[in-house]
Protein chains: 2
Amino acid sequence: MSAAPAHDAAVLTNLTRHVDDLCRLARPAAAVVAVWSDADRQRALRAAADALAAAAPAIRAANDLDLQRAKRDRLAPAMVDRLDLGGARLDEVIADLRAVAELPDPVGNVLAEFTIAEGVRAQKVAVPIGVVACIFESRPNVTVDVAGLCLRAGNACILRGGKEALHSNRALASAFRAGLASAGFPADAVQLVQETDRELIPLLLAREDAIDIVIPRGGAALIRAVVECSKVPVIKHDKGVCSVFVHAAADLAMAERIVLNGKAQRPGVCNAIENLLVDQAVAAVALPRLATALRAAGVELRGDAAALAHLPAGTALATEADWTEEYLALILAVTVVADVDAAIAFTNRYGSHHSDSIVTQDAEVAERYLREVDSACVYHNASTRFTDGGQFGFGAEVGISTNRLHARGPMGLAELCTYKYVCRGDGQIRRS
Amino acid sequence: MSAAPAHDAAVLTNLTRHVDDLCRLARPAAAVVAVWSDADRQRALRAAADALAAAAPAIRAANDLDLQRAKRDRLAPAMVDRLDLGGARLDEVIADLRAVAELPDPVGNVLAEFTIAEGVRAQKVAVPIGVVACIFESRPNVTVDVAGLCLRAGNACILRGGKEALHSNRALASAFRAGLASAGFPADAVQLVQETDRELIPLLLAREDAIDIVIPRGGAALIRAVVECSKVPVIKHDKGVCSVFVHAAADLAMAERIVLNGKAQRPGVCNAIENLLVDQAVAAVALPRLATALRAAGVELRGDAAALAHLPAGTALATEADWTEEYLALILAVTVVADVDAAIAFTNRYGSHHSDSIVTQDAEVAERYLREVDSACVYHNASTRFTDGGQFGFGAEVGISTNRLHARGPMGLAELCTYKYVCRGDGQIRRS
């Protein structure tokens, strides 16, 4: 983005004016949303859902325009599929929004309670973050999902979707805002960026005065571009290079289930595994068995020299680049490690600190691994595929944060809040 | 900083090399520190305290060099005082370090516990952040304070103090590191930046790969410079424009105590008040009384037109700039507001979202204020001066965060941690 060609001054002026408008309207809307009651916020989401249902024909027509253009521009079929709101998809988006309205209120939760000096009572209370920006790619459902989650947690939002979905996003945001307005709520609590010029993003993300947090959702290039230019704190939803370590004391039938689930159930997601680590003490037994099961599931293996000794002839040799690659495909890199220490070191070095699992019947070794592997989610005898807001019981998720701070791992309504200290006294002053 | 004159290439190469060295050593040290046990970390801090005590003569000699230079360069007396480790001060620094060693371990605290899909048990567990950078000004005690707090929470740190304190900081860091090494711990868990060239800061804070968080401690210019250049997440410890609102139903004797404590007990700190809001219903009674007490304490008042009507003749008229000014002095801006709504709006608009207090006997009004004032710490019938890690019972503090995310308000050991999810199963896989 920073390498984009110089824009003509008139274009930049227009973009700056649009950013100014969005920012000017967002903060006052956020201040209103922040003090809505739980019931108010539920009513707002239900009104938006009703308006989306009423606008379904217009939304489908807008979506058709995007689909026609996508086909004309010969976008990849997977991309076209992500754009598509046809069939039952729009109904599902609306049903998900209604479900978010019914989730427990995260705002006002008392996170801690204690007595400070002189007997003043303090509560640490969850409160909205303020203005959330979300930069995403082609899926138009994100417009409704993120707007719903932000409002449920008392935040206003500024949404910037991909240009491929502009007609769909406009129709969705317009219906959502009409729903809010019809129920007497400020429509500007949900704003869609109307310009698709990528030069807008650095202008928007320079506005730390008006935006409290930005969530990029999409591929590595998008995330890199946002991190590069943003003055606003970024919650990244970056790649997952996840792993399973089959320890010497593993139940091998369990290991087979967990490895297969991690790699083959849905290889295109961030909590799928890319690396398999096998303890040298069981490599001769475990690897042939795992290889047979993985190959039957269509998985291509790449092994280091020690692994190749126990893998079918013709298996490719893994290179250093394989250990850090997020394949998002039916490919698995395999290494043989000396022991749990080597497994921990390998995982912390090559993994992306997302989700990693050990399979072992040795509780002491498991606790070492759980303690020392520095990942958002660490598992013992369970699949890494559980790293997901839905599976975690969060009801809905904005994504899986790969940040270390504020939100780490599945990010739901609780992570769309910050906190403040509410302190109640009866006249106390500080003495020293 | 970004406006600094172009440096000669050799200087930049040297600075880059120094940053590379610091960053290369920090991450492996952090990995070691992160898995130290509670007892290990306590032993490390005690060893450092012993080494500091043993090196006291060398530290005092180094401090004398800094003090001599400060006097020769005619630094302001307050600045010279901040530099000074004489008298009992070094002993206090060492005693504080020993006290941090005795604080409860923040690492491993179970923040939440729940069952995820298929009956897998999940714990949200506090873990170290990793590598903490701290950029500070002239107080050399910060070197020991921050190193102690970081290590207690399982983090490594990179410390960059002001050039005025370089000799003192070198002596302190060197003794601290010698203490760690003598007890068999990696000295590189505490690193001091040896170059005082300000151009180093952007080079250091570009290293998001090696540094997880940066804490600037100092004046507004330092904080702005850090925020401007940092790719690393910043926890700001920025200015406090705090206020007290005396509501119509206030106990005026209590209001007088809380206002005086907020303004006059220690005016140079961030939790002192800069604005006084008085409900118009009681302005005629409350303002003359408060003015008398404040003037007796040497406080200069500046009022808006409505306030001047009830303040002594000759009181200065407040301008718009007064409402956002952090005086750090015995000056107080006074406004008369229509009601609690106006007080909330004024506070959210002009305050710095740090600490604000309402004085009232009306519980319903108090709850409105506590809910709607968007500050890190909101008080009912208590002084804003309680916003402090020590007063909050955190034992020690890194400072008062003015960030909205990760750490808000007093920042102690708990806020020097992040979290991970530790999930224990017995073979569960995801089904859909």
Long-range amide H partners of B:Ile331 with built H, under 5 Å: B:Glu300
Charged-residue dipole, Cβ positions (Lys, Arg, Asp, Glu), region B:148-209 about Cα centre, Debye nearest 20: 240 debye
Cβ charges +1 (Lys, Arg) and -1 (Asp, Glu), total dipole of the protein assembly as shown, debye: 300 debye
Under-5 Å amide H pairs with A:Cys242, H placed in peptide plane, nonlocal only: A:Glu274, A:Asn275
For the B-to-A rotation axis, chain B residue with nearest beta carbon and its distance in angstrom: B:His406, 2
Shape call, the protein assembly as shown: gyration tensor on alpha carbons, a/c limit 1.5: oblate
Per-copy distances of the A:Gly184 label point, shortest first, in nm (7 angstrom along Cα→Cβ): 7.0
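Once R0 is set to 30 Å, what does the formula 1/(1 + (r/R0)^6) return for the Cβ-Cβ distance between A:Thr324 and A:Ala221, expressed as a FRET efficiency to the nearest 0.05?
My answer for the efficiency is 0.95.
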Share antiparallel - DSSP beta bridges, chain B, percent rounded to 5: 30 percent
Percent of beta bridges antiparallel (DSSP, region A:98-185, rounded to nearest 5): 50 percent
Using a 7 Å Cα-to-Cβ projection, A:Ala10 label spacings across copies, nm, ascending: 5.2
Cut-off under 5 Å, modelled amide H: who pairs with A:Lys236 long-range: A:Thr402, A:Asn403
Residue of B:Ala117, B:Ala54, B:Ala407 that the Gaussian network model of chain B assigns the largest fluctuation, springs spanning Cα pairs under 10 Å: B:Ala117
Across the identical copies, how the B:Arg289 labels are spaced - nm, sorted shortest first, 7 Å along Cα→Cβ: 8.2
Formal net charge of residues neighbouring B:Ala47 (Cβ-Cβ distance under 12 Å; K, R +1; D, E -1): +3
Unit charges at the beta carbon, dipole of region B:9-229: most positive-side option, B:Ala58, B:Gly148, B:Leu15: B:Ala58
Region B:242-386 shape via C-alpha gyration tensor axes, a/c threshold 1.5: rounded
Projected label distance in nm at B:Asp81 and A:Arg198, using a 7 Å step from Cα toward the beta-carbon: 5.6 nm
Mean Cα-pair separation over length for region B:9-229, i.e. relative contact order, pairs under 8 Å, 6 or more apart, %: 30 percent
Relative contact order of chain A, defined on C-alpha pairs under 8 angstrom at six or more residues apart (%): 17 percent
For chain A, convex hull volume per residue from C-alpha positions, Å³: 189 Å³
Percent of beta bridges antiparallel (DSSP, the protein assembly as shown, rounded to nearest 5): 25 percent
Ellipticity estimate at 222 nm from DSSP helix runs (n ≥ 4, -39,500 (n - 2.57)) divided over the protein assembly as shown, nearest 500: -13000 deg cm²/dmol
With at most 10 neighbouring Cβ atoms within 10 Å, loop trypsin sites (Lys or Arg not before Pro) (DSSP) excluded, longest segment of chain B: B:75-430
Sites A:Glu367 and B:Val32, calculated FRET efficiency, Cβ-Cβ separation with R0 25 Å, nearest 0.05: 0.85
Phi to ³J(HN,Hα) by Karplus 6.51 cos²θ - 1.76 cosθ + 1.60 over region B:391-402, Hz, x for Gly, Pro: 5, 6, x, 7, x, 7, 9, 7, x, 10, 6, 9
Student exercise, region A:242-386 dipole from Lys, Arg, Asp, Glu Cβ charges, in Debye to nearest 20: 500 debye
Computed label-point distance, nm, for sites B:Glu118 and B:Gln265 using a 7 Å Cα→Cβ extension: 5.6 nm
Hz values of 3J(HN,Hα) by residue in region A:200-210 - Karplus curve (6.51, -1.76, 1.60), Gly and Pro given as x: 5, 4, x, 5, 5, 7, 7, 8, 5, 6, 10
Top positive-direction residue, dipole computed over region B:242-386 with Cβ charges, set B:Gly314, B:Ala281, B:Asn381: B:Gly314
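Shape call for region B:183-313 from the C-alpha gyration tensor, a ≥ b ≥ c root eigenvalues: rounded (a/c under 1.5), prolate (a/b greater than b/c) or oblate? Before the final figure, lay out each step's value.
Details: a/c = 3.47, a/b = 2.90, b/c = 1.19.
Here region B:183-313 falls in the prolate category.
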Around B:Arg121: net Lys/Arg minus Asp/Glu count, Cβ-Cβ under 12 Å: -1
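Just so you know, all these numbers are worked out from the coordinates, no wet-lab data involved. Keep in mind that this is a model prediction, so the values were computed, not measured. Methodologically, a virtual Cβ is constructed for each residue, glycine included, from the backbone with ideal geometry; neighbour enumeration extends over all protein chains shown.
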